[in-house]
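Quick note: the coordinates plus some simple rules give every number you see, no bench work behind them. It should be emphasised that the depicted structure is a prediction, and the values quoted were computed from it without experimental measurement. Cβ placement follows ideal geometry from the backbone for every residue including glycine, while neighbour counts extend to all protein chains displayed.
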């Protein structure tokens with residue numbers, strides 16, 4: 001009991017830390033390499049010090065049926081707002097001493113919590129298992145991730161595309177395969193789209209100019225995707241396409257889109 | 001040409017770009033920034049009604065009329081320009097967010113009104129911010145293995161075979177670049193680098209331990225109420241990403257044939273940006289309850305989706321969230337495939353906050 005009180009007081013005394021993580025640090029590859037335990041769990045309650053969970057499944061480690069996460073052990077803990085009864089994918093760091101008290105920490109702070117739909121639990125499990133199974137074997141991992149992209153589950157799709165990009169697996173052929181998936185409406189996650197647009201730009205895949213135009217004028221697409229698409233058209237020298245889309249972007253409410261468009265269309269000496 | 005005129009002419013060039021598509025525009029040259037915090041009760045506005053040709057070149061300014069809106073309500077009637085410059089003084093700024101926009105018009109040769117607009121911009125009045133005076137900052141390189149981590153990032157990303165002396169110089173030059181990135185980012189604020197730790201001094205503590213999780217971490221301190229704090233910079237993670245993951249060569253325009261000087265610039269900018277970023281957190285950027293931050297107290301991409309702001313830019317802005325900050329933006333490049341310098345900087349909103357508290 002004394003140990004628990006000591007731990008609680010210690011946790012309450014730790015200030016909130018803001019962190020800078022690598023690009024794609026919230027995707028599965030970086031999470032898995034920094035976590036000792038990957039679990040599916042349902043939040044049952046929370047207080048100032050802890051988040052209380054019921055375990056649904058531990059993927060790589062035996063875990064107790066109930067456990068708690070020390071908020072102060074997670075950088076950015078002040079911002080951690082989760083919903084009771086919701087199910088989460090958690091990447092955990094295990095400390096043997098605190099584990100005896102049923103206390104765990106998030107491996108990468110708030111980036112280690114991802115809400116998930118229980119009906120996709122098997123999909124999550126198969127994707128994460130592949131990350132673990134093919135660690136160190138980029139070719140096999142790339143092959144499996146490319147298939148997982150088709151699941152259309154946003155976090156899994158984002159992770160697959162981002163991790164392939166971050167691991168240097170997206171050459172022109174693989175990027176074309178992803179661009180085709182985007183053309184066919186398979187890519188649903190905006191950050192996955194953003195990465196694919198960047199590859200279209202990098203490899204100057206002008207075939208996809210109409211797709212980029214569509215992304216720019218589609219009001220449901222996010223500002224980063226539109227912005228990257230504008231930059232891609234410029235990088236690929238697609239002047240006619242830019243002429244068609246620029247007027248609307250110059251009038252767009254987003255200050256960022258206006259700036260990006262002005263930077264592209266301004267006269268150059 | 002003085003500094004103001006130079007900036008004004010640059011603004012005209014920017015606005016001129018729009019003209020290749022629309023020939024007239026209401027523009028604002030005071031204030032220069034279009035998204036900022038103020039503690040003042042009012043601001044003055046000045047601008048022009050300008051015409052541009054099809055090539056985007058500024059042609060002329062017109063005498064005409066202007067009327068302004070604040071938060072969707074007109075706050076002036078049509079007012080005539082003074083010559084070709086419109087001025088609206090003492091525009092009251094209410095607490096919180098003020099969205100300002102406007103209409104402009106002038107009569108053309110056939111005496112017909114030509115109408116255009118002044119695009120929306122944001123002015124936020126805050127009453128809880130005051131100057132915190134000087135913030136001194138000390139770079140602490142005393143931990144073990146720091147130089148080895150930096151050397152590894154040079155040795156393993158270039159074809160060049162380094163001598164021991166060249167490697168030592170590489171470390172010296174990277175540290176100098178970190179320093180220059182820091183000084184440049186905080187230029188115009190009362191942030192001073194000092195040579196030793198002490199009370200009221202913020203310490204940037206560099207670590208050389210092997211790891212691959214965070215680039216850095218820092219206590220968030222809105223309004224910078226505690227000056228003696230510590231930010232941690234983990235060079236092991238930089239080395240892991242650059243060398244072990246090979247991302248510098250995979251994900252940017254960097255090649256093994258680059259010069260040593262180029263690699264000094266890449267690595268120094270990369271680390272320096274995180275140093276600036278972490279101190280930014282300890283100065284209060286970008287508190288979620290007070291400065292519209294999100295994603296772990298960072299610049300909020302979502303905010304730009306629903307406001308006329310420009311606060312997130314893939315890592316080109318200092319306080320952009322880590323997972324969305326590309327490695328090419330972090331090393332000071334505009335994109336992933338070509339060498340085009342774009343040094344990371346604070347967005348205008350963050351810069352205005354820093355300008356008030358320091």
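Arrange the following residues from fewest to most other Cβ atoms within 10 Å of their Cβ: A:53, A:134. The partial results should precede the final answer.
On the way: A:53 27, A:134 16.
Exposure proxy ranking, most exposed first: A:134, A:53.
When only C-alpha pairs under 8 Å and at least 6 residues apart count, what is the relative contact order of chain B, in percent? Don't skip to the end; give the middle numbers.
Numbers: 751 pairs, mean separation 53.1, N = 358.
Relative CO of chain B lands at 15 percent.
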| said: At a threshold of 8 angstrom on Cα-Cα distance, excluding pairs fewer than six apart, so keeping six or more, what relative contact order does chain A reach in percent? | reply: 13
| task | Give me the angle, in degrees from 0 to 90, between the Cα long axis of helix A:172-183 and the longest principal axis of the Cα atoms of chain A, rounded to the nearest 10. | result | 90
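Sorted from fewest to most neighbouring beta carbons within 10 Å, what does the list A:99, B:30 look like?
Values: A:99 16, B:30 13.
By the 10 Å Cβ count, ascending: B:30, A:99.
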| task | Have a look at the DSSP beta bridges in chain B and tell me what percent are antiparallel, nearest 5. | result | 65
| said: For chain B, take the longest principal axis of its alpha carbons; what is the angle in degrees between that and the long axis of helix B:146-155, to the nearest 10 within 0 to 90? | reply: 80
| note | Yeah, the stretch B:279-334 with a ≥ b ≥ c from its alpha-carbon gyration tensor (a/c under 1.5 is rounded, else prolate when a/b outruns b/c, oblate otherwise) is oblate
| Degrees separating the helix B:3-19 axis from the principal Cα axis of chain B, which is the longest one | 70
| field | Shape of the stretch B:173-230, Cα gyration tensor, a/c cut at 1.5 | value | oblate
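Report, in deg cm²/dmol and to the nearest 500, the calculated mean residue ellipticity at 222 nm for chain A, where each DSSP H run with n ≥ 4 adds -39500 (n - 2.57) and the sum is divided by the residue count.
On the way: 12 runs with 130 residues, N = 269.
Mean residue ellipticity, 222 nm, calculated: -14500 deg cm²/dmol.
Let me make sure I get this right: for the stretch A:111-266, a, b and c are the square roots of the gyration tensor eigenvalues over alpha carbons, sorted descending. Under 1.5 in a/c it's rounded, otherwise prolate if a/b > b/c, else oblate. Which is it? Don't skip to the answer; put the middle values down first.
Values: a/c = 2.57, a/b = 1.82, b/c = 1.41.
Cα axes put the stretch A:111-266 in the prolate bin.
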| Separation of the stretch A:95-150 and the stretch B:284-332 by C-alpha centroid, Å? | 26
| message | Springs between alpha-carbon pairs under 10 angstrom, Gaussian network model over chain A: which of A:228, A:65, A:41 fluctuates most? | response | A:65
| note | Of all DSSP beta bridges having both residues in the protein assembly as shown, the percent classed as antiparallel (nearest 5) is 75
| Out of B:331, B:181, B:43, any idea which swings most in a Gaussian network model of chain B, alpha carbons joined below 10 Å? | B:43
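What is the average number of partner chain Cβ atoms found within 10 Å of a Cβ in B:319-332? All intermediate terms of the calculation are to be shown ahead of the outcome.
Details: counts 2, 1, 8, 11, 14, 7, 6, 6, 4, 2, 1, 3, 0, 0.
The mean count of partner-chain Cβ atoms within 10 Å per residue comes to 5.
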| request: In a Gaussian network model over chain A where Cα atoms closer than 10 Å are linked, find which of A:159, A:144, A:220 has the largest mean-square fluctuation. | output: A:220
| Per residue of B:295-304, what is the mean number of Cβ atoms on other protein chains within 10 angstrom of that residue's Cβ? | 5
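Take peptide A:29-41, look around each residue's Cβ out to 10 angstrom, count Cβ atoms belonging to other protein chains, and average those counts. Show your work: numbers first, answer last.
Working: counts 1, 5, 1, 0, 3, 4, 1, 0, 0, 0, 0, 0, 0.
So the per-residue partner count for this stretch is 1.
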